[in-house]
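Worksheet for the structure shown next.
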Protein chains: 2
Amino acid sequence: MAADPLSRVFAALGDPTRRDMVARLTLGDATVNELAAPYDISLQAVSKHVRVLEDAGLVSRSRSAQRRPVHLEAEVFDLMTKWLERYRRAAEERYRRLDDVLAALPDDAHPEGGARP
Amino acid sequence: MAADPLSRVFAALGDPTRRDMVARLTLGDATVNELAAPYDISLQAVSKHVRVLEDAGLVSRSRSAQRRPVHLEAEVFDLMTKWLERYRRAAEERYRRLDDVLAALPDDAHPEGGARP
DNA sequence: TGCGTACGCAACCAAACGGTTGACAACGGC
DNA sequence: GCCGTTGTCAACCGTTTGGTTGCGTACGCA
């Protein structure tokens with residue numbers, strides 16, 4: 001299937017239902033039934049969603065009796081944060097450099113092709 | 001099609017090729033041809049990828065002559081960072097609370113079902 | 001004016017995705 | 001030992017997605 005973990009994480013969070021479930025899980029562990037409650041989709045569909053989140057490493061499941069509580073895993077968030085931070089910083093850096101360039105321009109040199117109106 | 005911006009952003013970044021393009025764009029704007037160079041897929045496929053990134057608000061395209069340089073947009077990163085930070089903090093909070101609970105336990109109360117080994 | 005370059009649009013295709021229903025396994029309680 | 005609860009597995013279905021090819025358009029240049 002999908003290779004790298006990062007792709008799985010991003011893809012998993014691309015679905016609003018799954019993001020919603022993550023939000024719910026920050027309040028505490030929950031069973032599949034509890035997770036399914038707010039939605040009018042089948043239990044199996046919810047189970048599938050949980051599996052996608054699990055494959056992405058976003059949640060883990062222990063088992064206590066026949067219940068299988070879903071637990072939010074924090075580490076992957078760090079992975080994403082690291083990725084994001086890297087590119088956010090690069091983008092900012094580019095802005096800063098652009099500012100420098102603009103500041104260094106002689107004021108008669110105003111090309112009409114300003115990219116950002 | 002897809003409703004909320006956040007879903008589009010996450011979904012867009014779920015594809016490794018598109019994440020790669022974002023990485024490339026942090027080095028500076030690029031044309032579709034330049035973006036396509038490293039991959040052995042058709043130019044049209046690359047064009048499609050760029051369109052997905054554009055719909056997600058991750059890039060913008062100006063036009064200078066027949067060239068249509070792709071430019072990385074920083075704002076959406078902030079949107080993601082905000083989302084991420086919220087849940088990262090919530091997850092950490094949960095850990096902290098768990099630590100408190102464990103610390104408050106009488107030392108003869110050791111249930112065998114420790115979720116996190 | 002015609003030509004080459006850069007790119008988008010449309011149609012198509014196979015694979016993946018989100019959802020369904022039906023059957024079935026695992027476990028606690030009576 | 002049986003029953004209800006909890007949840008997964010498997011097969012199927014319509015839509016989306018990533019890729020292709022072919023054609024068309026916009027523009028700079030000779």
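Work out the FRET efficiency for B:A37 and A:D78 from their Cβ-Cβ distance, taking R0 = 35 Å, and round it to the nearest 0.05.
Values: r = 33 Å, r/R0 = 0.94.
Once rounded, the FRET efficiency stands at 0.60.
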- [ ] Would you work out the relative contact order for segment B:5-73, in percent, from Cα pairs under 8 angstrom that are 6 or more residues apart?
- [x] 37
Task: Copies compared at A:R96 - label distances in nm, ascending, label defined 7 Å from Cα in the Cβ direction - done: 3.0
- [ ] From other protein chains only, count the Cβ atoms within 10 Å of every residue's Cβ in A:22-33, then give the mean.
- [x] 2
Task: R0 of 25 Å, Cβ-Cβ distance A:R67-B:R89: FRET efficiency to nearest 0.05 - done: 0.35
Open item on the list: Can you give me the long-range amide H partners of A:V59? Hydrogens built in the peptide plane at 1.01 Å from N, cutoff under 5 Å, separation of 5 or more residues or another chain.
Closed with: A:E54, A:E73
- [ ] Within a 10 angstrom radius of each residue's Cβ in A:58-64, how many Cβ atoms of other chains show up on average? Whole number is fine.
- [x] 2
Open item on the list: Defining the label point at 7 Å along Cα→Cβ, can you sort the distances from B:L27 to the same site in each other copy, shortest first, in nm?
Closed with: 4.7
TODO: Please give the average number of partner chain Cβ atoms lying within 10 Å of the Cβ of each residue in A:37-49, rounded to a whole number.
DONE: 0
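Bear in mind that the values in this text are calculations on the coordinates, not laboratory data. As the structure is a prediction and not an experimental result, all values here were calculated from the model. Every residue, glycine as well, gets a Cβ built from its backbone with ideal geometry; the counts of neighbours run over all protein chains shown.
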